[in-house]
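Working notes for the structure below.
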Amino acid sequence: MVQEARTFDSDILILGAGGAGLFAALHAHKAAPALSIAVAVKGLLGKCGCTRMVQGGYNVALAAEDSIERHFMDTIEGGKWLPDQELAWKLVVLAVERIKELENELGCFFDRNPDGTIHQKAFAGQTFDRTVHKGDLTGIEIINRLAEQVWARKISRLEEHRAVELVKAKDGKGIAGVLFIDMRTGEYVFVRAKAVLLATGGGPTMYKYHTPSGDKTCDGLAMALRAGLALRDMEMVQFHPTGLLAGPHTRMTGTVLEEGLRGAGGYLLNGAKERFMPRYDPKGERATRDVVSRAMFSEIRKGNTTPHGGLYISMSHLGAARVAREFKGMVERCADCGFDLAGGLVEVVPTAHYLMGGVEFAADCSTTLPGLFVAGEDSGGVHGANRLGGNGVANSTVFGAVAGDVMAQWVRNKPLQLPDQSAIDAAVAECERPFRGGAKGNLGKIRDQLYDVMWERVGIVRDAAGLQQASAELDALDAELDASSLAHAERTFNLTWHDWLNLKSLVAVSRAITVAAAARCDSRGAHFRSDFPDASALETSMFTSIKDGSVTMKPVAFTRVAPGQSLLRNVA
Ligand SMILES: Cc1cc2nc3c(=O)[nH]c(=O)nc-3n(C[C@H](O)[C@H](O)[C@H](O)COP(=O)(O)OP(=O)(O)OC[C@H]3O[C@@H](n4cnc5c(N)ncnc54)[C@H](O)[C@@H]3O)c2cc1C
């Protein structure tokens with residue numbers, strides 16, 4: 001017997017507790033301390049999501065020799081002229097404020113130069129060393145401090161609450177609230193809210209090899225698609241070249257071995273232990289992430305692989321003592337998996353890292369659904385075809401703060417809306433689907449098939465025939481999921497149920513990636529079509545926008561700078 005959803009009210013409801021969600025909560029509270037604010041999160045606040053996993057750092061133009069214009073140009077050129085320029089501009093301008101707030105108000109300590117200024121290191125694809133960091137554990141510093149500040153305020157926490165549906169008002173004119181499953185009890189909970197922030201962090205975990213945290217399964221994007229919102233740039237999935245390959249049965253597989261290994265002079269070898277990168281690019285292992293990932297994928301396709309089906313990274317020619325000294329964390333991570341990074345070979349494979357695509361939104365974080373706001377990796381348009389390393393956490397903190405400020409204003413003098421009860425009932429019925437029919441199907445097998453489809457046909461190299469085949473395979477997987485049911489009716493921490501829900505979200509968003517990739521008939525940034533290997537004209541750049549299952553190509557507005565121009569003085 002399924003209970004009715006328990007209901008309560010909040011002025012502002014935030015979905016997700018990463019950089020975007022926590023910044024939004026703190027800013028909304030600061031702007032209007034009397035408001036009721038709730039942060040709902042699939043995991044535990046402070047312990048989940050990818051902001052916590054940030055290793056490298058945070059891009060921001062602080063140094064006198066740097067400028068926001070330079071950071072902006074790097075972002076636009078890195079994004080292959082697809083970013084929304086107003087969003088990118090807001091990113092680079094407000095990153096300066098946010099990093100100061102993180103240090104001076106929220107208590108983060110970042111690494112410093114001997115003269116006391118903040119240390120900024122080099123990151124790939126940028127013309128200036130502007131990445132602020134705390135060693136290689138920057139995300140832990142940021143999330144721990146943000147979580148402490150949230151705990152210290154009157155902000156409600158709904159932990160281990162999984163959002164399952166964005167529910168519109170009865171008159172259809174805006175959002176009325178969000179339906180959740182309390183994962184601890186399995187009860188349905190409906191939170192009415194005047195403003196809702198979608199900040200569940202995207203995360204391409206539908207690929208066989210991936211880096212993001214396991215709690216991220218594109219739930220927010222799947223809910224946005226169901227609510228009829230447009231998603232842009234969904235074909236743009238960033239792969240990191242050196243994911244650890246430690247066998248199929250460990251979550252260590254797919255986790256990142258940092259870019260600095262290639263930067264320091266590491267070699268990539270194929271299964272025959274031959275260096276192959278110079279055959280693909282004169283920069284060898286130091287080429288950009290997309291180029292190296294594609295070269296690796298080609299070697300793997302040719303069958304030149306290691307025992308686990310990947311390639312090797314080799315550092316020993318640099319001297320084992322130096323490697324052990326400079327890459328202590330990476331050496332330890334590899335040792336945990338039985339590899340000797342300093343003196344031997346480590347198996348690696350490109351790994352899905354980041355979704356550049358997401359919900360279309362305005363610079364004030366509003367969406368086309370009144371009352372629904374979006375920030376962080378759930379949003380699309382800031383990065384275009386490629387995200388610069390270091391612009392991810394900047395994106396989530398900058399736009400999370402904007403959303404908090406804007407929502408605090410938005411809810412003023414607004415009533416809570418009556419929800420569309422039939423939409424709640426339909427969402428509950430959909431969540432209940434796997435409890436009907438006894439134990440049927442095999443979720444592990446469906447997950448493996450999804451991994452293979454996305455890796456083989458919608459991954460680093462794509463073509464029309466493969467994408468068409470993938471679409472049919474994803475439809476079949478969705479039907480198989482709908483026909484699957486669970487062995488146990490117990491709802492308390494029923495993780496198999498949540499696996500089923502995770503897969504439903506992942507398949508829905510995989511379809512969006514696939515149709516967007518089929519619609520983009522050129523190669524740019526993270527998207528490579530072997531049947532259209534060249535980039536189309538930058539001056540007439542279009543981005544993909546998917547809504548209700550179909551894709552529209554929309555022109556990029558060059559509001560600040562056009563291809564061939566620059567905002568930097570003395571540059572042609
Ligand atoms: C290994 C790794 C290293 C990285 N290093 C860098 C770096 O050096 N620099 C950089 O700029 N970026 C880096 N990134 C990217 C960066 O982590 C992200 O861009 C950014 O942190 C995303 O922030 P967010 O707030 O949007 O999402 P997240 O921080 O991922 O938070 C998402 C939140 O949503 C919650 N959630 C998910 N689904 C639901 C649901 N259904 N209901 C309720 N809550 C839900 C999650 O539990 C989590 O709390 C890295 C990413 C990874 C994986």
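Pick out the one residue from Ala512, Ala508 that is open to solvent by less than 60 Å² (accessible area, probe 1.4 Å), assigned to a helix (DSSP H, G or I) and out of contact with any strand residue (DSSP E or B) (no Cβ under 8 Å at 6 or more places or on another chain).
None of the other options fit; the residue is Ala508.
If you go through the range 97-106, how many residues are open to solvent by 30 Å² or more (accessible area, probe 1.4 Å) and closer than 21 Å to Arg52 by Cβ?
2
Does the range 343-388 hold any residues that are among the small types (Gly, Ala, Ser), open to solvent by 10 Å² or more (accessible area, probe 1.4 Å) and in contact (Cβ under 8 Å) with a residue 12 or more places away in the chain, and which are they?
Once the filter is applied, which keeps residues that are among the small types (Gly, Ala, Ser), open to solvent by 10 Å² or more (accessible area, probe 1.4 Å) and in contact (Cβ under 8 Å) with a residue 12 or more places away in the chain, the range 343-388 yields Gly343, Gly344, Ala363, Ser366.
Looking at (1) touching a helix residue (DSSP H, G or I) at 6+ places or on another chain (Cβ under 6 Å); (2) more than 27 Å from Leu44 (Cα to Cα), find the lone condition where Leu82 falls short.
Exception for Leu82: condition (1).
State the number of residues belonging to the range 172-204 that are open to solvent by 10 Å² or more (accessible area, probe 1.4 Å), under 22 Å from Gly549 (Cα atoms) and more than 9 Å from the ligand (Cβ to nearest atom).
2
Name the one entry in Pro241, Pro212 that is more than 21 Å from Leu179 (Cβ to Cβ) and within 12 Å of the ligand (Cβ to nearest atom).
Pro212
Could we say that Thr305 is open to solvent by less than 40 Å² (accessible area, probe 1.4 Å) and either of a type in the set (S, T, N, Q) or out of contact with any Phe, Trp or Tyr (no Cβ under 9 Å at 6 or more places or on another chain) (or both) here?
Spelling it out, it is not the case that Thr305 is open to solvent by less than 40 Å² (accessible area, probe 1.4 Å) and either of a type in the set (S, T, N, Q) or out of contact with any Phe, Trp or Tyr (no Cβ under 9 Å at 6 or more places or on another chain) (or both).
Which residues, taken from the range 447-476, are out of contact with any strand residue (DSSP E or B) (no Cβ under 9 Å at 6 or more places or on another chain) and charged (D, E, K, R)?
Scanning the range 447-476 gives Arg447, Asp448, Asp452, Glu456, Arg457, Glu473, Asp475.
When Ile76 is evaluated against the numbered criteria (1) within 17 Å of Arg153 (Cβ to Cβ); (2) away from the ligand (no atom under 16 Å from the Cβ); (3) open to solvent by less than 50 Å² (accessible area, probe 1.4 Å), which criterion, by number, is the only one it fails?
All conditions pass for Ile76, except number (1).
Would you confirm whether any residue within the range 283-302 is in a strand (DSSP E or B), buried (at least 24 other Cβ atoms within 10 Å of the Cβ) and either of a type outside the set (Phe, Trp, Tyr) or under 26 Å from the mean Cα position of the chain (by Cα) (or both)?
No: the range 283-302 contains no residue that is in a strand (DSSP E or B), buried (at least 24 other Cβ atoms within 10 Å of the Cβ) and either of a type outside the set (Phe, Trp, Tyr) or under 26 Å from the mean Cα position of the chain (by Cα) (or both).
Could you pull out the residue among Ala487, Ala518 that is among the small types (Gly, Ala, Ser), surrounded by fewer than 21 Cβ atoms within 10 Å (Cβ to Cβ) and either more than 16 Å from the ligand (Cβ to nearest atom) or over 22 Å from Tyr207 (Cβ atoms) (or both)?
From the options Ala487, Ala518, the qualifying one is Ala487.
Looking at the range 161-171, which of the residues that are among the charged types (D, E, K, R) and either under 20 Å from Asp11 (Cβ atoms) or open to solvent by 10 Å² or more (accessible area, probe 1.4 Å) (or both) is farthest from the ligand (Cβ to nearest atom)?
In this case the residue turns out to be Asp171.
Search the range 440-468 for residues that are in contact (Cβ under 8 Å) with a residue 40 or more places away in the chain and of a type in the set (Lys, Arg) and pair each with any residue that is part of a loop (DSSP other than H, G, I, E, B) and crowded, with 18+ Cβ neighbours inside 10 Å when their beta-carbon atoms are under 7 Å apart and the residues are at least 6 apart or on different chains.
Pairs found: Lys440/Ser484; Arg462/Phe528.
Identify all residues within the range 129-160 that are surrounded by fewer than 20 Cβ atoms within 10 Å (Cβ to Cβ) and within 19 Å of Leu62 (Cα to Cα); write none if there are none.
Across the range 129-160, the qualifying residues are Asp129, Lys134, Gly135.
Within the range 275-285, is there a residue that is away from the ligand (no atom under 16 Å from the Cβ), among the hydroxyl-bearing types (Ser, Thr, Tyr) and within 22 Å of Gly344 (Cβ to Cβ)?
Looking for residues that are away from the ligand (no atom under 16 Å from the Cβ), among the hydroxyl-bearing types (Ser, Thr, Tyr) and within 22 Å of Gly344 (Cβ to Cβ), one finds none in the range 275-285, hence no.
Write out, first by first residue and then by second, each pair whose Cβ atoms fall under 7 Å of each other, whose residues are 6+ apart or on separate chains, and whose first residue, in the range 39-61, is in a loop (DSSP other than H, G, I, E, B) while the second is within 6 Å of the ligand (Cβ to nearest atom) and basic (Lys, Arg).
Matching pairs, first to second residue: Lys42/Arg162; Cys48/Lys42; Gly49/Lys216; Cys50/Lys216.
I'd like the full set of residues that are within 30 Å of Phe435 (Cα to Cα), more than 15 Å from the ligand (Cβ to nearest atom) and either assigned to a loop (DSSP other than H, G, I, E, B) or of a type outside the set (D, E, K, R) (or both), limited to the range 6-31.
Thr7, Phe8
Please tell me if Ile546 is assigned to a strand (DSSP E or B), of a type in the set (Val, Ile, Thr) and in contact with a helix residue (DSSP H, G or I) (Cβ under 6 Å, 6 or more places away or on another chain).
Considered against the rule, which asks whether it is assigned to a strand (DSSP E or B), of a type in the set (Val, Ile, Thr) and in contact with a helix residue (DSSP H, G or I) (Cβ under 6 Å, 6 or more places away or on another chain), Ile546 comes out as yes.
Return the total of residues in the range 114-127 being open to solvent by less than 50 Å² (accessible area, probe 1.4 Å) and more than 16 Å from the ligand (Cβ to nearest atom).
Of the residues in that region, 1 qualify.
The values are calculated or read from the model by the stated rules, or taken from the named source; none is laboratory data. Predicted, not measured: the structure shown is a model, and the values here were computed from it. Please note: Cβ atoms are built from the backbone with ideal geometry, for glycine as well, and neighbour counts cover all protein chains shown. Heads up: the accessible areas ignore ligands, DNA and RNA and are worked out on the full protein's heavy atoms, side chains in. Shrake-Rupley method; radii C 1.70, N 1.55, O 1.52, S 1.80 Å.
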